[in-house]
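As structure tokens, the structure follows; a few thoughts come after it.
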Amino acid sequence: MDITWLGHSCFVVKGKEKTIITDPYHPDLGYHLGKPEAEIAILSHSHPGHSYVEGLANEPKQIRSPGEYEIGGIFITGIGSFHDNRKGELRGRNTIYVIEMDGMNLCHLGDLGHPLSPQLVEELGDIDILFLPVGEVSTIPVDTAAEIVRQLAPPIVIPMHYKTEVFKGDLSPVDKFLDKMRIRELEAKPKLSVTSSTLPGSTQIVVLNYA
């Protein structure tokens, strides 16, 4: 499996059989989407920064809401959550996705705006790769992000949704989360290539370069 970060909360996950794209964004954010192709697009919520399917090169199967889905041997579970800590009163709903592919469980938290309850942790189950929003402001604070890492204890954590040189919005940089996790030096990678047999034995944080 190859995982590439296109900026913000958008990743291209290329598995053995299918390619998934997460939360494609409108170019107003400052990133360049580049017309990627995928068979499946998962969208955590309807904000332009997370649901710009018009920017995709083809017409992938779109998943926009909670539920259970099976597409070409890929199993995807959408779990309802909120974009804020007031049950959606401020910013509405958010869908967390758990993706089963290539013998691994991937979890994309979208714009989660509140801590994970014990019920949600149980519902998510064992996670191998966690896509975690760490830029605060419109999602969880870094303290909550760090707590989620402790709750789920995934082998790999990939930070997302944070301030970069090209992002035009107001978010915290990834360094604030890394400081919270007591990581002083971490070299960003152009992409992550991983299989179920090469997952680390303890949690590792992997920062990807914007492609």
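The values are calculated or read from the model by the stated rules, or taken from the named source; none is laboratory data. Note that the structure is a prediction, hence the values are computed from the model and not measured. In this analysis, Cβ positions are derived from the backbone assuming ideal geometry, glycine residues included, and neighbour counts consider all displayed protein chains.
With respect to Leu6, determine if the residue is surrounded by 22 or more Cβ atoms within 10 Å (Cβ to Cβ), closer than 21 Å to Ile129 by Cβ, free of Cβ contacts under 8 Å to residues at least 40 places away in the same chain and out of contact with any helix residue (DSSP H, G or I) (no Cβ under 7 Å at 6 or more places or on another chain). In short, no. Is it the case that Ile76 is at pLDDT 95 or above and either surrounded by 22 or more Cβ atoms within 10 Å (Cβ to Cβ) or under 19 Å from Ile140 (Cβ atoms) (or both)? So Ile76 fails the test. Could you tell me whether any residue of the stretch 106-113 is farther than 29 Å from Ser193 by Cβ and either over 13 Å from the mean Cα position of the chain (by Cα) or not in a loop (DSSP other than H, G, I, E, B) (or both)? Within the stretch 106-113, one or more residues are farther than 29 Å from Ser193 by Cβ and either over 13 Å from the mean Cα position of the chain (by Cα) or not in a loop (DSSP other than H, G, I, E, B) (or both). Just give me the residues in the stretch 128-174 being closer than 16 Å to Asp23 by Cα and not in a loop (DSSP other than H, G, I, E, B), in sequence order. The answer is Leu130, Phe131, Leu132, Pro133, Ile158, Pro159, Met160.
To keep it simple, each residue is scored yes or no on (1) in contact (Cβ under 8 Å) with a residue 12 or more places away in the chain; (2) of a type in the set (S, T, N, Q); (3) touching a His at 6+ places or on another chain (Cβ under 7 Å); (4) crowded, with 21+ Cβ neighbours inside 10 Å.
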position	(1), (2), (3), (4)
Asp102	yes, no, no, no
Gly110	yes, no, yes, yes
Ala145	yes, no, no, yes
Ile148	yes, no, no, yes
Pro154	yes, no, no, yes
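When Leu152 is tested against (1) in contact with a Leu (Cβ under 8 Å, 6 or more places away or on another chain); (2) closer than 23 Å to His26 by Cα; (3) modelled with pLDDT of 95 or more, exactly one condition is not met: (2). Checking each residue in the stretch 11-24 for being out of contact with any helix residue (DSSP H, G or I) (no Cβ under 6 Å at 6 or more places or on another chain), buried (at least 21 other Cβ atoms within 10 Å of the Cβ) and without any contact (Cβ under 8 Å) to a residue 60 or more places away in the chain picks out only Ile21. Test Arg86 against the criterion of being basic (Lys, Arg), in a loop (DSSP other than H, G, I, E, B) and in contact with a Ser or Thr (Cβ under 8 Å, 6 or more places away or on another chain), and give yes or no. It is false that Arg86 is basic (Lys, Arg), in a loop (DSSP other than H, G, I, E, B) and in contact with a Ser or Thr (Cβ under 8 Å, 6 or more places away or on another chain).
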